[in-house]
Amino acid sequence: MGQVSAQLAMLKSNRLQLMTRRRRSSGGTSKPGSTAPRVSPVIWAASMVLLLVVIAAVIGPLISPAFGSADYLSGAQHPQLSWRYLLGSDVSGRPILSFVLSGARTTFGIGFLASLIAVAGGSILVVLSEVHDGLRDLVDFVTDLGLLMPFLPLLVVLAAFEAGGNPWALTGLYGLVGIPVAVILLSQRPRPRPAGAPIRPAAGGLIAVPTGSTAKLIRAFVICLVCLLSVSATIDFLGFGLPGSDPSWGNALSDVLDYLGGGYWWWLAFPGLALFITLTAVTLLGSAALQALEPAEGGSSPHS
């Protein structure tokens, strides 16, 4: 009897220790029925970064230094980094701070609106294909076109000869070209889970195909936003997008390769860092939103 009592006491102690560890790992002293998740500090940081980008897109041109003003152009002999130019200047004397702040409106704004157009157009095509069987062939054609289309060369040609540097025309162009990508993302189906397989938390981020329609829309929008932000900056960098006189993150990097050997590191660092941090923040927030909406992969019962 004494040995049995000792074993029961040991099992009870081990159980209490296990419950304590689970409470600590789930957020401390929460009740067993509570499901409030802990927000990662990385997600908070990504949210703050994206909020700053949105604020810069809204009021950046109002608070940034005068872009290309005579006051700056008259005293510019070469790129410089000083108290007058907090983030440095380019060879024309234009402040890099203006590129970063005002460029948030053009680059992020064009990418955001183009992603809305792409996801809206893709959603309409997918819904019509499910309602009317005759349109399913059209959606399949658009999907195949998206898989075969060389996006970047096509956008370079269309932006150079059709858009003419107009930001609204570029937005519509990027959105139309992004519709096949959105159709592909919205048409994907999650792989069926084998019967009897355990339900495991989703850990695939944006790569795993979600099951809910809202999660699919968020996934498609985030992927389109990351792609179209990169495309917008690349087209501007190549000189076929916005005019060089307009501030954008791509235009800020357009001439940097000719002067990078002179030690003007800030010309590449700050606009490139703004683009990289924005893309990373969008990806992290999109992945966090998907994990919140899809806590389990394959939420149906094993025998469904």
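The values are calculated or read from the model by the stated rules, or taken from the named source; none is laboratory data. Just so you know, these numbers come straight off a predicted model, no measurement behind them. In this analysis, Cβ positions are derived from the backbone assuming ideal geometry, glycine residues included, and neighbour counts consider all displayed protein chains.
To keep it simple, each residue is scored yes or no on (1) among the polar types (S, T, N, Q); (2) at pLDDT 80 or above; (3) over 14 Å from residue 100 (Cα atoms).
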| position | (1), (2), (3) |
| --- | --- |
| 231 | no, yes, yes |
| 235 | no, yes, yes |
| 242 | no, yes, yes |
| 263 | no, no, yes |
| 270 | no, yes, no |
| 282 | no, yes, yes |
| 289 | no, yes, yes |
| 299 | no, no, yes |
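Restricting segment 229-286 to residues that are touching an Asp or Glu at 6+ places or on another chain (Cβ under 6 Å) and among the polar types (S, T, N, Q) leaves a set whose member that is farthest from residue 60 (Cα to Cα) is 251. A Cβ distance below 7 Å, combined with a sequence gap of six or more or placement on separate chains, defines the contacts here; from segment 248-269, residues that are without any contact (Cβ under 8 Å) to a residue 24 or more places away in the chain and outside any helix (DSSP H, G or I) reach residues that are aromatic (Phe, Trp, Tyr) and surrounded by 13 or more Cβ atoms within 10 Å (Cβ to Cβ) in the pairs 253/237; 254/237. Within segment 115-154, the set of residues being touching a Phe, Trp or Tyr at 6+ places or on another chain (Cβ under 7 Å) and not hydroxyl-bearing (Ser, Thr, Tyr) comprises 119 only. Annotation note: of 170, 154, 135, the sole residue that is buried (at least 19 other Cβ atoms within 10 Å of the Cβ) and in a helix (DSSP H, G or I) is 170. Residues being at negative phi and in contact with an Asp or Glu (Cβ under 7 Å, 6 or more places away or on another chain) are represented in segment 104-112 by at least one member.
Counting the residues of segment 82-97 that are crowded, with 24+ Cβ neighbours inside 10 Å and either in a helix (DSSP H, G or I) or of a type in the set (Val, Ile, Thr) (or both) gives 1. Checking each residue in segment 116-132 for being surrounded by 15 or more Cβ atoms within 10 Å (Cβ to Cβ) and modelled with pLDDT under 85 picks out only 129. Please indicate, with yes or no, whether at least one residue in segment 42-65 is surrounded by fewer than 16 Cβ atoms within 10 Å (Cβ to Cβ), at pLDDT below 80 and not in a helix (DSSP H, G or I). No, the conditions are met nowhere in segment 42-65. Filter segment 157-167 for residues that are part of a helix (DSSP H, G or I), at pLDDT below 80 and either on the phi > 0 side of the Ramachandran plot or surrounded by fewer than 15 Cβ atoms within 10 Å (Cβ to Cβ) (or both) and give the result. The answer is 162, and nothing else.
Checking each residue in segment 223-251 for being of a type in the set (Gly, Ala, Ser) and in contact with a Leu (Cβ under 9 Å, 6 or more places away or on another chain) picks out 230, 232, 233, 241, 248, 250. For segment 138-151, the set of residues classified as free of Cβ contacts under 8 Å to residues at least 40 places away in the same chain and part of a helix (DSSP H, G or I) consists of 138, 140, 141, 144, 145, 146, 147, 148, listed by residue number. Regarding residue 198, is this residue modelled with pLDDT of 80 or more and farther than 15 Å from residue 121 by Cβ? For residue 198, the condition - modelled with pLDDT of 80 or more and farther than 15 Å from residue 121 by Cβ - is not met. Among all positions in segment 227-242, there is no residue which is surrounded by fewer than 20 Cβ atoms within 10 Å (Cβ to Cβ), over 19 Å from residue 146 (Cα atoms) and touching a Pro at 6+ places or on another chain (Cβ under 8 Å).
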